[in-house]
1. ASN286 fails exactly one of the following numbered conditions: (1) outside any loop (DSSP other than H, G, I, E, B); (2) of a type outside the set (Phe, Trp, Tyr); (3) over 30 Å from ALA194 (Cβ atoms); (4) in contact with a His (Cβ under 8 Å, 6 or more places away or on another chain). What is the number of that condition?
2. Any idea how many residues of segment 99-115 are β-branched (Val, Ile, Thr), modelled with pLDDT of 95 or more and farther than 15 Å from LYS128 by Cα?
3. Checking ALA194 against (1) surrounded by fewer than 17 Cβ atoms within 10 Å (Cβ to Cβ); (2) more than 22 Å from GLY39 (Cβ to Cβ): exactly one of these is not met. Which one?
4. Looking only at segment 149-159, filter to residues that are of a type in the set (A, V, I, L, M, F, W, C) and in a helix (DSSP H, G or I); which one of those is surrounded by the fewest Cβ atoms within 10 Å (Cβ to Cβ)?
5. Let me confirm something: among VAL176, VAL166, VAL187, VAL206, which residue is modelled with pLDDT of 95 or more, of a type in the set (Val, Ile, Thr) and over 19 Å from THR223 (Cα atoms)?
6. Look through ALA237, ALA180, ALA217 and report the one residue that is free of Cβ contacts under 8 Å to residues at least 40 places away in the same chain and either not assigned by TED's automatic domain parsing to the domain that holds GLY39 or not hydrophobic (A, V, I, L, M, F, W, C) (or both).
7. Determine which member of the set THR209, THR223, THR238 is surrounded by 14 or more Cβ atoms within 10 Å (Cβ to Cβ), touching a Gly at 6+ places or on another chain (Cβ under 6 Å) and hydroxyl-bearing (Ser, Thr, Tyr).
Amino acid sequence: MKAIQLAEPKQFRIIDVPEPSAPGPGEAIVRVYRVGVCGTDYSGYLGKMPFFSYPRIPGHELGVEVVAVGPGVTNVKPGDRASVEPYINCQNCYSCARGHTNCCENHQTLGVHCDGGLRALFTIPARKLHVSTKLTYEQLALVETLAIGLHAINRALPRPEETVLVIGAGPIGLSVIEFAKLAGSRVIAMDLNAQRLAFAREKMGVQETILAQTLDADVKAFTELSGGKLGNVVVDATGSAKSMSTAYNFVGFTGRLVWVGITQDGLSFTQPLMHRREMTFLASRNALSPEFTRIIRLIEGGMLDTRPWITHTAPFDGMVGEFTNWLKPETGVVKAMVEMN
């Protein structure tokens with residue numbers, strides 16, 4: 001069967017791979033119907049993703065159908081539609097033993113550390129499948145993106161009376177916004193790209209936005225917008241070392257800063273301001289199984305509207321030709337989706 005492989009940065013190729021053999025104990029074989037493309041895929045293509053290894057079949061935002069299950073599998077059956085939790089954890093390390101499966105010490109993410117879903121069929125631990133009888137394959141493929149945002153918000157736990165500033169209004173920033181809104185917090189979005197901010201206002205219901213300029217001007221604009229106060233929670237979803245190094249300037253007294261983006265470059269900041277305001281700095285990596293379950297239930301219940309998310313699509317055979325276009329800010333891509341079948 002055909003697969004799309006990223007042989008090295010900026011070099012896709014179509015390869016032949018064998019179909020999976022019969023699933024073993026605890027395993028399932030899935031047929032891939034939809035693959036979402038995210039910042040990790042773009043960074044892997046550009047050679048800027050620190051955890052990405054080559055050659056690699058990308059694809060970790062997946063809507064799939066279960067086609068076979070191995071011995072002992074009871075949570076899914078053939079014919080089930082499911083979202084894939086792509087974080088393969090060992091279940092044995094110290095992190096896993098404490099329930100932190102998102103940062104397993106032997107962690108493998110599909111499409112990053114091991115081969116992912118840009119192929120028709122593959123084998124996965126059945127425990128990583130989250131079933132829905134109601135969601136479409138497109139919706140199921142969006143769950144992982146949303147889970148990144150939910151986990152970031154769960155790191156900071158904003159309250160209804162608090163203000164959340166989300167820096168970066170790309171897909172991950174938008175997913176953070178979704179759950180900050182559900183927490184009842186006041187949400188302000190900031191980005192360099194006016195088109196992204198317009199999307200956040202018009203499609204995601206964000207009433208207050210800031211078009212980033214200089215740090216001093218941005219801090220002033222934020223404090224004026226928020227009534228003279230800095231952020232209770234600031235989430236940086238840019239993946240930019242410059243932005244991640246300066247984001248703490250927007251954090252108020254006893255506030256929390258969450259870095260959900262990732263960069264290979266070093267971060268730098270001065271300590272007195274952090275100390276004076278007694279800030280808390282938090283990293284946010286991947287997501288947890290219960291977060292996938294919650295998101296599926298929220299979409300099923302109409303609490304999350306997935307309709308605005310998918311702005312671009314391409315068939316499997318046309319993905320390579322479209323991929324570089326999706327990298328261009330002027331194309332207005334929020335979420336591109338590869339249609340496998």
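The values are calculated or read from the model by the stated rules, or taken from the named source; none is laboratory data. Please read all numbers here as calculations on a predicted model, not as lab measurements. Because the Cβ atoms are built from the backbone with ideal geometry, glycine has one as well, and the counts that use them run over all protein chains shown.
1. (1)
2. Here the count works out to 0.
3. Single failed check for ALA194: (2).
4. The qualifying residue surrounded by the fewest Cβ atoms within 10 Å (Cβ to Cβ) is ALA156.
5. Only one candidate qualifies: VAL176.
6. Matching residue, one of ALA237, ALA180, ALA217: ALA217.
7. The match here is THR238.
Residues are listed down the side, and each one gets a yes or a no for (1) part of a helix (DSSP H, G or I); (2) touching a helix residue (DSSP H, G or I) at 6+ places or on another chain (Cβ under 8 Å); (3) within 30 Å of SER226 (Cβ to Cβ):
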| site | (1), (2), (3) |
| --- | --- |
| THR123 | no, no, no |
| GLN139 | yes, yes, no |
| VAL143 | yes, yes, no |
| ALA147 | yes, yes, yes |
| GLU161 | no, no, yes |
| LEU165 | no, yes, yes |
| ILE172 | yes, yes, yes |
| GLU178 | yes, yes, yes |
